[in-house]
1. Inside the stretch 96-124, can you point out the residues that are part of a loop (DSSP other than H, G, I, E, B) and within 17 Å of residue 23 (Cβ to Cβ)?
2. Scan the stretch 77-87 residue by residue and report those that are surrounded by 12 or more Cβ atoms within 10 Å (Cβ to Cβ) and under 12 Å from residue 62 (Cβ atoms).
3. Please list, ordered by first then second residue, the pairs with beta carbon atoms under 8 Å, 6 or more apart or interchain, first in the stretch 57-71 and under 17 Å from residue 87 (Cβ atoms), second loosely packed, with under 12 Cβ neighbours inside 10 Å.
4. Quickly run through the stretch 94-105 and pick out the residues that are surrounded by fewer than 19 Cβ atoms within 10 Å (Cβ to Cβ) and within 16 Å of the chain's Cα centre (by Cα).
5. Here are some conditions: (1) surrounded by 15 or more Cβ atoms within 10 Å (Cβ to Cβ); (2) out of contact with any strand residue (DSSP E or B) (no Cβ under 7 Å at 6 or more places or on another chain); (3) touching a residue at least 60 places away in the same chain (Cβ under 8 Å). Residue 40 meets all but one. Which one does it not meet?
6. Given (1) touching a helix residue (DSSP H, G or I) at 6+ places or on another chain (Cβ under 6 Å); (2) free of Cβ contacts under 8 Å to residues at least 60 places away in the same chain; (3) in a helix (DSSP H, G or I), where does residue 161 come up short, assuming only one miss?
7. Quick check: is even one residue across the stretch 63-76 in a helix (DSSP H, G or I), crowded, with 18+ Cβ neighbours inside 10 Å and not assigned by TED's automatic domain parsing to the domain that holds residue 13?
8. Go over the candidates 112, 130, 153 one by one and state the one that is loosely packed, with under 14 Cβ neighbours inside 10 Å and either touching a residue at least 12 places away in the same chain (Cβ under 8 Å) or under 27 Å from residue 6 (Cα atoms) (or both).
């Protein structure tokens with residue numbers, strides 16, 4: 001592990017390879033699991049603000065869940081997460097004509113309809129950030145649905161931290177990411193990576 005400011009980073013984030021392969025996984029990370037995506041408290045308002053922009057892209061089932069319980073709920077572990085449909089699909093998921101899943105919020109962002117990309121936890125996946133008092137822990141989350149992304153990442157030799165450069169900067173800032181890159185180069189010189 002390395003530490004930059006108050007953030008501890010697992011070496012797996014630096015060693016493991018990853019590159020999303022949406023053609024192979026079809027967006028499974030948005031529709032599988034037992035809870036929604038982690039949401040930061042300050043993101044709840046942004047999720048509510050984007051609703052009128054994406055409402056027509058959401059399924060009738062997702063709209064019903066949002067109308068009943070809102071855009072987020074507290075899961076069994078006490079974490080704030082996006083609401084889900086039928087115990088699995090994130091309420092913000094949409095499907096294209098081929099049945100692949102994508103995020104309605106990200107779609108609206110890419111179309112210039114909102115300045116909110118999507119929850120940072122979604123943007124950071126397969127990294128999960130844990131809060132441990134004065135420290136944050138950045139860990140690589142392994143999940144079978146991402147096997148194709150691991151294979152493609154290995155083929156392209158793309159480490160997780162480089163694949164997730166943009167969301168890591170979004171979460172921790174450019175200066176922090178620059179420090180991470182310096183630490184990686186030092187670890188390479190020392191033979192740890």
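The values are calculated or read from the model by the stated rules, or taken from the named source; none is laboratory data. All values derive from a computational prediction rather than experimental measurement. As a convention, Cβ positions derive from the backbone with ideal geometry for all residues, glycine included, and neighbour counts pool all protein chains shown.
1. If the condition is that a residue be part of a loop (DSSP other than H, G, I, E, B) and within 17 Å of residue 23 (Cβ to Cβ), then 96, 97, 98, 99, 100 are the ones that fit.
2. Passing the criteria: 82, 83, 84, 85.
3. The qualifying pairs are 61/86.
4. 102
5. Tallying (1) surrounded by 15 or more Cβ atoms within 10 Å (Cβ to Cβ); (2) out of contact with any strand residue (DSSP E or B) (no Cβ under 7 Å at 6 or more places or on another chain); (3) touching a residue at least 60 places away in the same chain (Cβ under 8 Å), residue 40 fails exactly one: (1).
6. (2)
7. yes
8. Going through 112, 130, 153 in turn, the sole match is 130.
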